[in-house]
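All remarks here apply to the structure that follows.
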There are 2 protein chains.
Amino acid sequence: MTSLTDATPLWRASREQLEAFITRVFVTVGISGIEAQSIAQLMTQADINGSEGHGIFRLPQYIRRIKGGAVNVTPHIKIEREAAAMGLVDGDNGMGHLVMRFATQLAIQKAKSAGVAWVGVKSSNHAGPASLYASMPVAENMIGLYLAVGNANHLPAWGGLDMLLSTNPIAIALPGLEEGPVILDMATTVAAYGKVKTKAQRGQMMPEGWMMDRKGEPLLDPQRAHEGFLLPIGGYKGYGLALMFGLLAGTLNGAAMGRDVVDFNADDVTATNTGHCIVAIDISAFQSVESFAQKVDVVVRDLRASEKLPGVDSIRIPGDGSHAAREDRSKNGVPMPPALLSALSQLAESLGIDPLH
Amino acid sequence: MTSLTDATPLWRASREQLEAFITRVFVTVGISGIEAQSIAQLMTQADINGSEGHGIFRLPQYIRRIKGGAVNVTPHIKIEREAAAMGLVDGDNGMGHLVMRFATQLAIQKAKSAGVAWVGVKSSNHAGPASLYASMPVAENMIGLYLAVGNANHLPAWGGLDMLLSTNPIAIALPGLEEGPVILDMATTVAAYGKVKTKAQRGQMMPEGWMMDRKGEPLLDPQRAHEGFLLPIGGYKGYGLALMFGLLAGTLNGAAMGRDVVDFNADDVTATNTGHCIVAIDISAFQSVESFAQKVDVVVRDLRASEKLPGVDSIRIPGDGSHAAREDRSKNGVPMPPALLSALSQLAESLGIDPLH
């Protein structure tokens with residue numbers, strides 16, 4: 001009920017507070033302590049990295065779906081098929097964070113001997129931001145590439161009206177020496193659906209190009225989002241990317257794609273059979289890691305030093321935003337908007353556990 | 001000098017005529033008969049597939065660069081490094097078609113045992129359309145994924161003016177059962193530079209969104225293309241894709257990227273050190289090929305059957321255009337615009353060989 005202006009600094013939660021709270025929550029709904037902690041670490045890292053829409057913000061929804069029976073709290077995550085450079089992981093409908101951590105570790109391990117490894121995943125769930133998994137191989141001097149099928153269809157075919165595709169994202173992460181890591185994490189739509197929701201919450205209009213209505217007219221009012229659909233980047237090109245990424249991350253792994261995608265915002269009872277894939281590329285198989293990282297630095301510095309368009313202050317490299325957030329938030333904690341704090345308090349109360357603070 | 005209207009049907013060259021002529025040309029400049037034939041088959045296939053900008057249209061430029069000493073006509077293409085699921089191919093500055101055919105065959109062979117293989121390429125040259133190589137694994141019941149560094153920088157960083165990036169393309173190809181193959185082949189810019197040249201030749205204006213001038217204003221006159229630069233799909237997202245694809249296809253392989261990219265349109269004497277990479281994914285490692293292809297059909301048919309936006313007749317699937325071109329041209333031959341025929345006649349005359357027809 002307090003009226004906070006934009007100028008009021010938000011209360012910040014420390015990494016420890018967030019991890020402890022999220023762990024408490026998952027343990028209460030039946031996830032083992034060690035697995036709850038793993039999920040909590042990854043969700044907190046998402047917030048530290050500035051991926052607010054994919055961190056603790058999702059906690060109430062995750063718990064609602066667990067309580068609805070849509071997610072398995074005691075999954076037996078296993079390798080269903082494997083070869084020297086590939087694996088197919090069956091997530092047994094467990095929390096996506098656990099499944100993707102398992103799959104990424106498998107990809108890293110296989111890439112150490114095979115040079116490159118591609119691990120597909122089925123029967124998983126929403127796993128947070130794509131960059132979380134693409135970045136894991138970087139700590140091992142590898143390049144990470146991640147694709148996923150989104151958990152709600154907001155995108156039709158180019159020229160179509162039936163929303164058969166999701167905002168299927170791609171993330172690629174690679175190390176620099178003094179620059180970087182360079183981390184691209186993007187939906188194949190102009191705006192992710194979370195951005196539309198944020199505009200609606202703030203009572204703001206959307207810029208032209210984010211959404212279109214069923215007559216093909218620009219849709220600017222986020223309150224009317226249900227009357228239209230998201231637009232892909234580059235028109236038919238983004239549609240093509242969303243389709244191919246979905247076939248690779250979903251269909252190839254026996255996971256949901258197209259008409260089979262479950263809207264996990266609206267449905268609390270049905271397993272999503274979410275598909276992802278993660279590729280780990282061992283840089284040292286191609287050249288020395290240092291030489292690669294140095295060359296990445298040269299490219300990055302040339303781009304930064306570029307002459308700029310009128311009105312542009314600085315050139316951004318993919319990953320700059322999350323780097324700045326990480327620097328700030330790992331020291332000062334994660335800013336918590338009042339609406340989020342209130343939702344988390346309600347969640348704690350409903351579970352009968354201690355609140356975040 | 002003949003004035004042809006758009007209604008005049010163009011003379012069509014058969015596959016055999018094109019292959020024989022291109023082979024003759026390359027043999028004359030010092031490439032062995034068998035290698036000349038390989039290049040000719042791939043260039044002709046590009047035209048049959050409807051990739052006009054990347055087929056025989058490029059022949060005069062290729063020959064100019066060979067005569068200028070920029071390309072090695074007797075390359076020793078070799079595997080510089082390899083592991084179970086990766087290879088790094090040194091193209092020894094040979095024609096890109098030969099280098100990429102070698103690299104793709106290596107990727108397919110390694111994927112047969114490892115499940116997936118990723119082959120990087122350096123010291124190569126322009127190799128024609130991306131889809132040519134992404135499609136090769138499909139004939140082996142595999143999925144192909146191809147990335148490349150383009151051979152001219154027309155794209156700055158988002159917000160920048162220095163053209164440090166190319167239109168770095170991606171192609172992904174996979175089989176359907178009765179539908180497909182589904183083949184995405186796209187530049188990371190809204191328009192490829194070839195399309196700008198075509199508009200200039202035809203005396204047409206470009207639509208807004210293709211190019212921008214150095215003040216950030218839309219550039220519509222293709223005659224003024226040198227005063228501006230191409231725009232990436234989805235703004236900073238397409239810039240991010242062009243950058244990451246370039247780091248993967250160029251930098252990781254020790255190939256040119258950023259400031260090192262040679263403009264092969266303007267320069268006839270310098271080796272381009274072109275980088276590409278090709279990934280082959282053995283579908284049978286994940287599930288039966290038939291089951292995968294059936295599921296691809298379901299997705300494709302759902303998209304095609306989608307309700308349509310007002311004014312839209314049919315939903316296109318990536319690869320539909322090249323499929324239609326292939327059906328027509330493998331039967332009826334490749335339509336040859338008079339300007340192209342004239343350029344090829346001049347080329348034949350300068351080399352002292354029989355013309356195309």
Given the candidates A:G176, A:G203, A:V190, the one whose Cα lies deepest towards the positive end of the charge dipole of the stretch A:133-239, counting +1 at each Lys or Arg C-beta and -1 at each Asp or Glu C-beta, is A:G203
Quick one: label points 7 angstrom along Cα→Cβ at A:D263, distances to the other copies in nm, smallest first? 5.1
Specify whether the C-alpha gyration tensor of the stretch A:24-85 places it in the rounded, prolate or oblate class, a ≥ b ≥ c being the square roots of the eigenvalues: rounded for a/c under 1.5, otherwise prolate if a/b is larger than b/c and oblate if not. oblate
Once phi is turned into ³J(HN,Hα) by the Karplus curve 6.51 cos²θ - 1.76 cosθ + 1.60 with θ = phi - 60°, what whole-Hz value does each residue of the stretch B:270-283 show in order, with x for glycine and proline? 9, 4, 7, 6, 5, x, 9, 9, 10, 10, 10, 10, 7, 4
Interface size B-A, as summed buried accessible area [1.4 Å probe, Å², nearest 100]: 6500
Rule-of-thumb Rg ratio for the protein assembly as shown [Cα; 2.2 N^0.38 Å; N residues]: 0.97
Accessible-area order for A:Y146, B:Y236, largest to smallest, probe 1.4 angstrom, reads B:Y236, A:Y146
Rounded to the nearest 10 Å², what accessible area does B:V269 show when all protein chains are kept and the probe is 1.4 Å? 100
Computed ³J(HN,Hα) along the stretch A:136-146: with the Karplus parameters 6.51/-1.76/1.60, θ = phi - 60°, integer Hz and x for glycine or proline, the list is 4, x, 4, 5, 9, 6, 10, 9, x, 9, 10
Whose amide H sits under 5 Å from the amide H of A:S123, counting only residues 5 or more places off or on another chain, with H placed in the peptide plane? A:G91, A:A256, A:T274
Pairs of Cα atoms under 8 Å, at least six residues apart: use those to get the relative contact order of the stretch B:75-212, whole percent. 16
For the stretch B:238-339, report the accessible area per residue in Å² (1.4 Å probe, heavy atoms, rounded to an integer). 37
Given a 1.4 Å probe and heavy atoms of the protein chains only, how would you sort A:K110, B:K295, B:K199, largest accessible area at the top? B:K295, B:K199, A:K110
Just the Cα atoms of the stretch B:139-181: what Rg and Dmax do they give in Å? 16.0, 47
In whole angstrom, largest first, the equivalent ellipsoid semi-axes that the Cα gyration tensor gives for chain B are 28, 26, 24
Value at 222 nm in deg cm²/dmol, rounded to 500, when DSSP H runs of n ≥ 4 in chain B each add -39,500 (n - 2.57): -11500 deg cm²/dmol
What are the semi-axes of the equivalent ellipsoid of the stretch B:105-162, taken as the square roots of 5 times the eigenvalues of the Cα gyration tensor, listed largest first and rounded to whole Å? 29, 12, 11
Treating only the Cβ of Lys, Arg, Asp and Glu as charged (+1, +1, -1, -1), what charge dipole size does chain A show about its Cα centre? Round to the nearest 20 debye. 260
Explain nothing, just the number: dipole magnitude of the protein assembly as shown about its Cα centre with +1 on each Lys and Arg Cβ and -1 on each Asp and Glu Cβ, in debye rounded to the nearest 20. 20
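Fully extended, how many nm does the chain gain between B:R81 and B:V269 (0.36 nm per residue separation, minus their Cα-Cα distance)?
Separation in residues times 0.36 nm, less the Cα-Cα distance, equals 64.9 nm.
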Inter-part gap, Cα centre of the stretch A:266-320 to Cα centre of the stretch B:114-158, in whole angstrom, is 19
Any idea which of A:V300, A:P335, A:L220 is furthest toward the positive side of the dipole for the stretch A:207-357, if Lys and Arg beta-carbons carry +1 and Asp and Glu beta-carbons -1? A:V300
The whole-number value in µm²/s of the Stokes-Einstein translational diffusion coefficient for the stretch A:270-357, with Rh from the Kirkwood sum over alpha carbon pairs at 20 °C and 1.002 mPa s, is 116
Keeping all protein chains in place and using 1.4 angstrom, which order do A:S123, A:S113 fall into by accessible surface area, from largest down? A:S113, A:S123
Using only the Cα atoms of the stretch B:1-119, construct the convex hull and provide its projected area averaged over every direction, in square nanometres to one decimal. 9.7
Would you please give the residues with an amide H less than 5 Å from that of B:I353, counting only those at least 5 places away or on a separate chain, with H modeled from the backbone geometry? none
A:E16 accessible area, assembled protein chains, probe 1.4 Å, Å²: 130
Honestly the stretch A:65-128 on the Cα gyration tensor test (a ≥ b ≥ c root eigenvalues; a/c under 1.5 rounded, otherwise a/b vs b/c for prolate or oblate) is just prolate
Once Lys and Arg get +1 and Asp and Glu get -1 on their Cβ, which of A:F286, A:L247, A:A84 lies farthest toward the positive end of the dipole of chain A? A:L247
Over chain A, what is the mean sequence separation of C-alpha contacts under 8 Å (at least six apart), divided by residue count, expressed as relative contact order in percent? 22
Quick one: of B:K78/B:K295; A:K122/B:K308; A:K67/B:K308; A:K122/B:K110; A:K308/B:K237; A:K122/A:K199, which pairs are farther than 27 Å apart, Cα to Cα? B:K78/B:K295; A:K122/B:K308; A:K67/B:K308; A:K122/A:K199
Could you run the Debye sum over the Cα atoms of the stretch B:56-164, one equal point scatterer each and no solvent, and tell me log10 of I(q)/I(0) at q = 0.14, 0.15, 0.16 Å⁻¹, two decimals? -0.64, -0.72, -0.80
Just the number, please: carbon plus sulfur as a percent of the accessible area of the protein assembly as shown, 1.4 Å probe, no ligands or DNA/RNA counted. 51
Alpha carbon Rg of the stretch A:147-216, scaled by the compact-globule rule 2.2 N^0.38 Å: 1.38
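Defining a contact as two alpha carbons under 8 Å apart and six or more residues distant in sequence, what relative contact order in percent does the stretch A:168-310 show?
Relative CO of the stretch A:168-310 lands at 23 percent.
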Taking chain A as a Gaussian network, Cα atoms linked when under 10 Å apart, which of A:P60, A:P207, A:P310 shows the biggest mean-square fluctuation? A:P310
Need one value: the accessible area of B:V298 in square angstrom, 1.4 angstrom probe, rounded to the nearest 10. 60
Evaluated over the stretch B:186-289, the Cα radius of gyration and Dmax, each in Å: 17.3, 54
What does the copy distance list look like for A:Q201, label position 7 Å along Cα→Cβ, in nm and ordered from shortest? 5.2
Label point 7 Å beyond Cα along the C-beta direction, distances from A:V312 to other copies (nm, shortest first): 3.1
On each of the three principal axes the extent of the alpha-carbon atoms of the stretch B:89-239, given in whole Å and largest first, is 53, 40, 29
Chain A to chain B by rotation: the residue of A with the beta carbon nearest the axis and the rounded distance in Å are A:A85, 2
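The values are calculated or read from the model by the stated rules, or taken from the named source; none is laboratory data. Keep in mind that what you see is a predicted model, and the values were worked out from it rather than measured. Methodologically, a virtual Cβ is constructed for each residue, glycine included, from the backbone with ideal geometry; neighbour enumeration extends over all protein chains shown. Just so you know, the surface numbers come from the protein's heavy atoms only, side chains and all, with ligands and any DNA or RNA stripped out. Shrake-Rupley method; radii C 1.70, N 1.55, O 1.52, S 1.80 Å.
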